[in-house]
Every structure is written in C-alpha cells, then in structure tokens.
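The values are calculated or read from the model by the stated rules, or taken from the named source; none is laboratory data. Computed from a predicted model, the values in this text were never measured in an experiment. Here Cβ is always computed from backbone atoms with ideal geometry, including for glycine, and neighbour counts include all displayed protein chains. Each accessible area value is taken on the protein alone, full model and side chains, heavy atoms only, with ligands, DNA and RNA left out. Shrake-Rupley method; radii C 1.70, N 1.55, O 1.52, S 1.80 Å.
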Amino acid sequence: MTVSPYSPLFSFSFLFLLLSLRLCLAAPTGKIGKGYRLVSIEESPGGGLIGQLLVKQKTNTYGADIPHLQLFVKHETDTRLRVHITDAEKTRWEVPYNLLPREKVPSLKKSLGNRGDPFAASEYSGNELIFSYIADPFSFAVKRKSNGETLFDSSSEETDSYSSLVFKDQYLEISTKLPAGASVYGLGENTQPKGIKLQPSDPYTLYTTDIAAINVNMDLYGSHPVYMDLRNNGGEANAHAVLLLNSNAMDAFYRGSSLTYKVIGGVFDFFFFAGPTPLAVVDQYTSLVGRPAPMPYWALGFHQCRWGYRNVSQLEGVVEGYRKAKIPLDVMWTDDDHMDAAKDFTLDPINFPREKLQPFVEKLHSQGMKYIVLIDPGIAINSSYGLFNRGMANDVFIKHDGEPFLAQVWPGPVYFPDYLNPRTVTWWADEIRRFRELVPVDGLWIDMNEVSNFCTGKCRIPKDRPCPGTGKPWDCCMDCTNITNTRWDDPPYKVNASGIRAPLGYKTIATSAVHYNGVKEYDAHSLYGFSQAIATHKALLGLTGKRPFVLSRSTFVGSGHYAAHWTGDNQGTWENLRYSISTILNFGMFGVPMVGADICGFYPQPTEELCNRWIELGAFYPFSRDHANYYSPRQELYVWDSVATSARNALGLRYKLLPYLYTLNYEAHTTGAPMARPVFFSFPNFTESYGLSTQFLLGSSVMVTPVLKKGATSVKGVFPPGTWYNLFDMTKAVVSKSAHWLSLDAPLNVVNVHVYQNTILPMQRGGMRSREARMTPFTLVVTFPAGATEGEANGKVFVDDDELPEMKIAGGQSTYVEFYATLSEKKVKVWSVVTEGDFAVKKGWVIEKVKVLGLEGLGQKLEIEVNGEIMKDTRADFTQVSLSHVEKLEGGNHKKSMMVEVGGLTLSLGKNFAMTWVMGIKG
C-alpha cells in the first residue's frame, strides 16, 4: 500500500520550482578531478596489499579532494577479489559490519606500524582474477586469469568523458571501460521498460524511494549497486559481477562503452566475482551478502490480498469464494484494514475484533492455510498507545535536533524506529510478541520502509486544526518547512533522485536526522528496509523457533537473506504485465529469489482479458499473490468465470510443480541460485537470449512463455536448440534446431510451459492447499530428446520439515534424492540415489508413476529394484502414446516418438530404486 494512485506523485508546481532553482546545479559535463598517484604499496600483514594514494592536483568542484587515501586489495576467495579505497586519515561511513558481515579492512596507520614487504610487481594474481595497477595517475584493472580478458579498468584517457579517480567528502567518482558486445544487467531497483539488459543513456539512480513501480527508469524501493556482465567471445560465454558496497545515494551512468559511479559519500568497497557462469556469479555473490532465506512450503502456494477488506466477514467470503471456484489458495492477507486507526500491532475493535479474527485464523490453520498482516514503520504519536509509550521509554526513534523526527503516514503524525539501535531491535521483538498473543499471524509484511513520509522537512503538529484532517490521508496535514541549511540536506552533488534531482529528504526522513551512535540518515537512508527486515526476521525466529516469512518492499544488498520482496505498486496494464518479468529476473540476480508482482495489477481495475493473462504468468512467479488497491473494484480470481478457468489451469500446474519449486527454494538457500532465471542462465552461449525479457526459466529447465499482448491468441517465443515438452499436454513438443522465433497457440485460458530435454522433473498430483498437495504421490517426468537412441537425464528433489529454520540435509529432518536416467542400445534405466531417506520413508511419500518422453518403440521386460532387491511382483503397467511435434517450426518432418508411462507403482521416495526396460520394435 502506498500513496493513492489517483493523487499526483509529485506536485507539479513544486517540480517546476525545484527544477528552475536547480538548473545551475546540474552535473558538470567536464572532468571533475585530476586523479591520484600511488606513493607506496606493500603486502599487508593479514594478507593482501595495502597502499597509499596522494591527490595529484586539488579541485573544488563538489568540495575539496581528500588528499591522502588508503588502498586495500585482497583475493578473499579463489573467485572473489576486493578493492577498498578510503580516507587514510579519518574513519568514513561504511555499511555496518554487524548488518552485513564481512572481513574487516586493516587501517593504514596500524599497517605502517607493522610494515610488510614492499610489493614491486604491477600485478597481484589470485586463482581466478588478477589485480593490476598503474601508479601515476593511479588506476587499476581486474583481469580474468584464464584468458587475460579485462573485466574492470578504471583508467581515464584524455579522450574519455569521465574523470580519473575522484574522492571528496561528499562526492566520489570512478569509472570502468566496457567492451563492445558486453551485456550488462542489474543496478536496481528500476522498472526497465526495454527489458533486463541495461540500456546506454537510461538513468540508473540508487536511492530507496517510495515511488511506484509504474514509473520507469527511476530509483524505486530498493538499492542494489551490483551488476552482472555477460560476454561472448568466439562462441564462449563468460560472466562476472561487480558489487560496489555503498549505501549512499549514487548515480550510475552507463554509456555502453563505460560505466561511471557518482556517489555522495562513504567509500569505494568493490567486490569482483569471477563466475564464469551466471549461476556461479550468483553463488559467489550470495556467499558474501548472505544466502537467500529458506521459505516455508506454504509460501510457495497462492496468496490473496487486498487493501480494502473491510471486516472479518469479507475475509471469510474470499476464502469461501476460492473454495467454491476450486482455485488453490494457501494464504490470506490483510493490508492496514485490520488496524485500529492505522496503528501497528492493533486490531480494529469494530471490524476486526479479536473475538472474530482469532477464530477465523484458527479455522484457516485447521484447513492448512496461513494469515499474514501488514505493518508500517511509522509509529503513531498517541499517549494512549502502549507501543508508542514503550518506544518512547526505550528511546528507540530516529532523532532530529535532539528530538524524535516528526513525520506523517497513515495514522497521522508518527516517529520512525531506528533499527540500527540494539534497543529498538529488542523493543520491536517484544511488540511482535505482544501482537502474536492477540492473533497468531504466520508472517509479517513490512511496507513503506524506504522510508515513506507524506510530508517533507521539519514539521510540527498544528494546533489550529486536526491532523490528520478530513482530506485525503496522504495529504500532509502538518506545518512543515524545508531543511536546506546543512550539507547533508543539501549536498553539493545532486543525484537524480525521483528522476528530477529531488532533495534527498523529499517525502522521507530528513538526511540530517540522526540514528544510533550519531549515524546520519544521509549515510544510512537506503539501509532502513534492510535493517527492519533483519529485526523482524530475528524477532519471528526467536518467538516461534520456526522458519520466518517476511515480505519487505524496500531492499538492499543482502535483504534476500531475511525477506521476500514484491515489486510494489504496479498498474493493471499490459505494459506493467511485461515489466514485471524483468524486475523479477533482476531480483533473482540480486540474491532475492522469492519475488513476485501484484497479479492483475494493484490499480486501477484490470480488464478481464488482462487478468486472465496475468494469472497465467503470475502462477509461475516465485511469490504468487493477487493484490488490489482500496479504490479498485474486486479482482479476486473467481470474480470472472474466464479468469477462474485460467487460474485453475495455471495454478493447478503450479501446485503439481510444488516439489520442483521447493527444491529450487533449497538450491537458492544453499547456492543462491535464482528460482526464476533469465534463459541465458542455462544457455549462456545462446546469444539470442541475452536480452530476452518476455520468457523465463523456473530453475534450469522449465520455460514459461506467457501472452503479454492484448487480443493475442498465440505467442511468439524463442527456444534454445533441443526438445521442449509441453507440461500441460506432454504429447506435444517443440523441437528446435536453431535460434528463431516461433508462434505457439495460446487461446485465452492457455499458457505455454515447457520442460527441456535431459531433465527429470518431480511432480505431484496437486490440490487446493500446499499442505495436502505435498502429501500426494509423486510422478517423475523423464525427458530425452525426441527420437533419441542415446541419452541421459537427471533431476532432484528435496523434502523436509518446512518449519525448521534451516534447509539442510540432516538425519531425520530431511531427504535429498537425485534421479538419473539413461537410454542406450534401446535399454532405458531410471534410478535414484537417496541421501538421508528416513524422513521421506516416515512421511510415507511414494512414487506412483514414471513418464519417459522422447523414446522410440514399445516398452517391455520391465524390471524394478528397491535397495538392491528385485521386486518380483511390480504390478506396474506400460501406457504408450505417440508424441506430436510442432512440425512447422523446422520446416521438415520429424520421427514420431513415444511417451512411455510406467504406472501402478508404490516406490518409496526414501529408498534407492532402479528400473529398467527395453524398447521393442513398434508393431
């Protein structure tokens, strides 16, 4: 929930005034600084290199240069290189090490007292990466050791439009050259209308802001100063990533041939990740910033929310509506409707009294469903409000001029908790405990945490009128004056905040406000949602001992370790349907794999056709939730009969795929692998996929090709070479030999979802709840290339007690099964390798079917072993169906192949099995 879409995002009169006042402050087009020279470099006693830089010639643009810098370089792992540059004399702001744990950087003064050996070489080599430098003017480069390719080069030539290294108190600048043909991704959060690839000259500003996702090419809710660079030279693809770990506001200027960072504070703390595959890059990145949080099984089910459920009876009616329509539903949500006057951790005594809400939640729980509520960071200023009084007693709020900073959001005048303060974290956990005693919610939704403020500047509560008043709740009702008299509120360089170089404190906390230990909001602003997510995750884990579920709107580097994310306020338009794919794919690369967009759009009312197409796509978002605005008509999936049909179809497949999705959840938690991935993650040499933003993969091999255009009854897609089987009708397949776009039938209630050859896909029967769906028997879908005479396939499944805080392979708590299949000399073999099988055996999971696609001939002579013993009475049967290929795609005829289904099985998932049969000649 955010400011109403029917009020303008900004006051146009304010904008014109702001722009006219700031024309003279636009960024200079010339070079800012003269660079530095390296005066010494030596080996650091703790490993790595440490050096001293002196400014070559001082300039005054954006302030005075810091004369003396420290350089620290270290190969922290085989695939990760760190380059850290800071003031050698004074400690500067950095992302707190307690929020994002990492190795401490040695101080130059201490190192000089315990000097290491001088470093005379011009290159410092690790296992995968090489750091090289030029002393005067100082620049550095990072190279790939295997092929010598330069990945990052900060040198500036006379002909370049950017400066050498610039380091001032409130302005830092550094650039890197980029080769032609580099495909660059990341630098978010940003709604990118042209797809996932960064576009030269598009603005990339990183500063967390309550600006709706409908606004393209603008800084939005999150700050992720990391990019992935994918290059293909001579048919060989290599990927690497670069993280600038800095929480200050920044502009990143991507010109195609170069990338320039302009940052208003902090330090340069670069991390380079060698890859060389996209999956390896995300693995290396999340090993530093934190592995994604494990999600409970139910979180992968379907969620329903709306800002505007007016009472408990309406919630009951929604649950009943889904039941009658036979549409799966796992989780009910309420926005701020359940609150008493929009105050956190309260219940509306009239519409959501505890005596009605608690039985409703208990009934949900008895049906295997869950309940989640929203909370906002603003704490209402109200002497009769216990949470506020306890917060004041514990001194937990952000300060300005020695008093809690006064702002306004939904309840009216508020203070904001300071989650950098340990007392606040303790107070917050206690407030969550108190609320869960009122109603046992199953997760928390932390919204508006950029942080959002309906007012700007220094405010006071008016004495001559009520506040909030009788107007729109998002209109500022306080008396406020702009704060421009400090260098924090009015810094010399203006980042392109909100797309207009808005003041940093516009509609948020004043940047001269102060956090715990004197930390300025100027430095910590983009960390607010991150620090709140950490505190909320920690509180839920401590209170319940179970795996927490937290959904956060604002995110930063490492947020995926604690929270899921949704893409914020979108519109019910075809453009926003398309935009959602790129944003979701970006967040997977940011280490936040549990991500989704508001299905059917947050506002205004979507058309029936659009809602059909949106659930067909949204059923395959990692986080799948329908959510609508207070002012929009109802849009639950059962409102239109045609949408209900699409929902039953698409969500029906999702619930059958839950074991696959949950295994992807395990892979994300252990390796960082995104659940939803760009196609190039699995096919890095398939260059046609480098900008592909209308299709995506779930995991390594399930392709989703949604309809994204109004009135379409077919959809164009591009498929990497091989055989792709339709998961809705496995007798149909796409056989692609080369890269080209093809047209797939897609009438209104149909979405195209295909699985790639060489895959073993675990599926179950599905159901109306994830709890019941996960206990149904398994089917293994084995895919060989169509008509193959030789082939291999593999897959895996992870099952556990999904309430455990960690996902790990541990005795009695989980089971991990790897599946393999081979086809050779007309003999088919399918088998499993089980790790820690007792859990699956105890749960009673069985495999009832094995479907093998792409074979030739008829199956016969079936033999099955379980734990090495031959089953004498298998009671299994063969079903064989001819497959039809999309012939027109390749312009030629294909051999007919078979789907062989071995049914009637009762194989324990927790025991090793092996089955073989031979393919006879077709009669």
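Just a few scattered comments:
- Tally, over the stretch 689-721, of residues that are under 19 Å from residue 747 (Cα atoms), open to solvent by 10 Å² or more (accessible area, probe 1.4 Å) and free of Cβ contacts under 8 Å to residues at least 60 places away in the same chain: 5
- Considered as a group, the residues in the stretch 306-330 that are in contact (Cβ under 8 Å) with a residue 60 or more places away in the chain, of a type in the set (A, V, I, L, M, F, W, C) and part of a helix (DSSP H, G or I) include one that is least open to solvent (accessible area, probe 1.4 Å), and that residue is 318.
- Test result for residue 636, acidic (Asp, Glu), assigned to a helix (DSSP H, G or I) and touching a residue at least 40 places away in the same chain (Cβ under 8 Å): no
- Within the stretch 533-555, if we keep just the residues that are under 17 Å from residue 437 (Cα atoms) and not aliphatic (A, V, I, L, M), the residue that is surrounded by the fewest Cβ atoms within 10 Å (Cβ to Cβ) turns out to be 545.
- Test: residue in the stretch 722-731 that is open to solvent by 10 Å² or more (accessible area, probe 1.4 Å) and closer than 24 Å to residue 292 by Cβ: no
- Scan the stretch 570-599 for residues that are acidic (Asp, Glu) and under 19 Å from residue 302 (Cα atoms) and the total you get is 1.
- Which listed residue, of 126, 148, is more than 30 Å from the chain's Cα centre (by Cα), under 24 Å from residue 258 (Cβ atoms) and without any contact (Cβ under 8 Å) to a residue 60 or more places away in the chain: 148
- Selection status of residue 299, in contact with an Asp or Glu (Cβ under 9 Å, 6 or more places away or on another chain), touching a residue at least 24 places away in the same chain (Cβ under 8 Å) and in a helix (DSSP H, G or I): yes
- The one condition in (1) among the hydrophobic types (A, V, I, L, M, F, W, C); (2) open to solvent by less than 10 Å² (accessible area, probe 1.4 Å); (3) touching a strand residue (DSSP E or B) at 6+ places or on another chain (Cβ under 9 Å) that residue 686 fails to fulfil: (2)
- Selection status of residue 649, at pLDDT 95 or above, in contact with a Phe, Trp or Tyr (Cβ under 8 Å, 6 or more places away or on another chain) and open to solvent by 10 Å² or more (accessible area, probe 1.4 Å): yes
- Taking the conditions (1) of a type outside the set (A, V, I, L, M); (2) open to solvent by less than 40 Å² (accessible area, probe 1.4 Å); (3) under 27 Å from the mean Cα position of the chain (by Cα) in turn, residue 455 satisfies each one other than (3).
- Take the conditions (1) open to solvent by less than 10 Å² (accessible area, probe 1.4 Å); (2) among the charged types (D, E, K, R); (3) in a helix (DSSP H, G or I); (4) in contact with a strand residue (DSSP E or B) (Cβ under 6 Å, 6 or more places away or on another chain); residue 625 misses just one of them, which is (3).
- Considering residues of the stretch 786-829 that are under 26 Å from residue 884 (Cβ atoms) and among the charged types (D, E, K, R) only, the residue surrounded by the fewest Cβ atoms within 10 Å (Cβ to Cβ): 790
- Qualifying residue in the stretch 733-740 (condition: open to solvent by 30 Å² or more (accessible area, probe 1.4 Å), hydrophobic (A, V, I, L, M, F, W, C) and modelled with pLDDT of 95 or more): no
- Residue ID - most open to solvent (accessible area, probe 1.4 Å), chosen from residues in the stretch 746-761 that are touching a residue at least 60 places away in the same chain (Cβ under 8 Å) and not in a loop (DSSP other than H, G, I, E, B): 756
- Among the residues of the stretch 273-284, those that are buried (at least 22 other Cβ atoms within 10 Å of the Cβ), within 19 Å of residue 127 (Cβ to Cβ) and either free of Cβ contacts under 8 Å to residues at least 24 places away in the same chain or not aliphatic (A, V, I, L, M) (or both) comprise 273, 275, 284.
- First in the stretch 401-417 and closer than 19 Å to residue 335 by Cα, second anywhere and β-branched (Val, Ile, Thr) and open to solvent by 20 Å² or more (accessible area, probe 1.4 Å), Cβ under 8 Å, 6 or more apart: 412/381; 414/381
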